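Quick note: the coordinates plus some simple rules give every number you see, no bench work behind them. Predicted, not measured: the structure shown is a model, and the values here were computed from it. Because the Cβ atoms are built from the backbone with ideal geometry, glycine has one as well, and the counts that use them run over all protein chains shown.
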Protein chains: 2
Amino acid sequence: MQTSRTIPSRLAKRAHYDADTVHAILDEALFCTVSYVMNDQPMAIPTAHARKNDEIYIHGSVGSHFIRQIQQGGTVCISVMLTDGLVLAKSAFHHSVNYRSVILFGTARTVTGEAEKMEALALITDHLVPGRWDDLRPTTDSELRKTTVLAFSLAESSAKVRTGGPSDDPEDADLPTWSGVVPMQTVRLAPVPATGSEPPVALPAYLQS
Amino acid sequence: MQTSRTIPSRLAKRAHYDADTVHAILDEALFCTVSYVMNDQPMAIPTAHARKNDEIYIHGSVGSHFIRQIQQGGTVCISVMLTDGLVLAKSAFHHSVNYRSVILFGTARTVTGEAEKMEALALITDHLVPGRWDDLRPTTDSELRKTTVLAFSLAESSAKVRTGGPSDDPEDADLPTWSGVVPMQTVRLAPVPATGSEPPVALPAYLQS
């Protein structure tokens, strides 16, 4: 949604407000940065998240200072960035980055219903490793009580996306300098089993690639 | 340095304050998130950075709302996170992430000297692609005038690091659930030359891997 907080002051052509774009970025990014204000000063914490419809969930210990602070209802700014490539122009000035980012502003809704809380934890777990939740023993009542789940609406969210090659000045076109994009990607390597786990357990299908 | 803002309220055993740890994380991470307060509300912007000694530099357009806001001298919170692996325990509750993060609090010093400004831009460029700066035509006075460079002291910074496998409850040890770590890594793929760049330029040595 376009509000004074989500319309970028520069490069507005890179802004997107459609749910599909925002959702795809939030779903691909495993981690977000939660920024908030405490004693008039900025604080920021990276954490895992998961989306359901037009909300995202985060979680933390009920004893977490961070969680307790944002439960008080102040505005929170949540940002994610996926970096897709380094854009190398013929001048330093036009170097850039291909990225997909989302920013959202909102206030925390503490999830109190046990069923929704459990579903949110399943979504966060399966966001990191799809299929993991159903392979785990049930979460206990005690574990659930020790965990706070917060939801944030995506109503005031926006995406910014840069794609493509460098935009060089025309007078630089013939410089004998390589220009283009160095693509970047986050990859998962072969899983490493925990030591001392006896009897050994076969790697589940959802971890085989 | 340990201050009330850099001592974590939880998991203090993961905190590190030595310069070597903080520097290594800032040097490996290409991007940071700059959080600040505007009209009593949190804002966050991802950007590139580079370190020199006990400061980091960021840059932006002189017209950037973000840059102009933090030049006014309010406290800024800069955070970076490198994710090294997903930690899969036998219970959802003990799932975790192996990460290396840095957080720092400070106020912007606007770099006014032309030589320092140019050096900072070279450091930011070479942080993304080592060796790139010397391959580029000189930055012009006009480009330099359009760019603001800000420096932040690392005096009030700290790192948090988690490594190793899952920490399961002893009573879960014999569950037939795979546990361990899925390592994650950010990789660079083969460079893609810009279209319409004539005559073709050979890939420089610093981009060959």
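Under Stokes-Einstein, with the Kirkwood radius over Cα pairs standing in for Rh, what whole-number D in µm²/s applies to chain B at 25 °C and 0.890 mPa s? For these conditions, the coefficient is 124 µm²/s.
Would you please give the FRET efficiency between A:ALA155 and B:ALA205, computed as 1/(1 + (r/R0)^6) with r the Cβ-Cβ distance and R0 = 60 Å, to the nearest 0.05? The computed FRET efficiency comes out at 0.75.
The angle between the Cα long axis of helix A:19-28 and the main principal axis of chain A comes to about 70°, on a 0 to 90 degree scale. Using the Cβ-Cβ distance between A:GLN72 and A:VAL187 with R0 set to 45 Å, the FRET efficiency works out to roughly 0.70. Among the chymotrypsin sites (Phe, Trp or Tyr not before Pro) in segment A:1-104, those placed in a DSSP loop whose Cβ has at most 16 other Cβ atoms within 10 Å are A:TYR17. Taking every residue in A:174-187 and counting other chain Cβ atoms within 10 Å of its Cβ, the average works out to 6. Can you tell me the orientation of helix B:114-128 relative to chain B, as the angle in degrees between its alpha-carbon axis and the longest Cα principal axis, to the nearest 10? On a 0 to 90 degree scale, this one is about 50. Take the Cα of A:HIS65, step 7 Å toward its Cβ, do the same at A:GLU114, and the gap between the two points is 3.3 nm. Projecting the Cα atoms of A:ILE25, A:ALA194, A:THR83 onto the charge dipole of segment A:12-207 (Cβ charges, centred on the Cα centre) puts A:ALA194 farthest toward the positive pole. Derived value for segment B:133-209: Kirkwood hydrodynamic radius 19.9 Å. Basis is the mean of 1/r over every pair of different alpha-carbon atoms. For peptide A:132-141, the mean count of partner chain Cβ atoms within 10 Å of a residue's Cβ comes to 4. From the alpha carbon centroid of segment B:9-48 to that of segment A:166-209 is 23 Å. All C-alpha pair distances within the protein assembly as shown, sorted into 20 Å bins from zero, spread as 25, 57, 18, 1 percent across the bins.
Counting Cβ atoms of other protein chains within 10 Å of each Cβ in A:83-90 and taking the mean gives 5.
For the peptides B:120-129, A:45-54, the ranking by packing is B:120-129, A:45-54, with the highest mean count of neighbouring Cβ atoms within 10 Å listed first.
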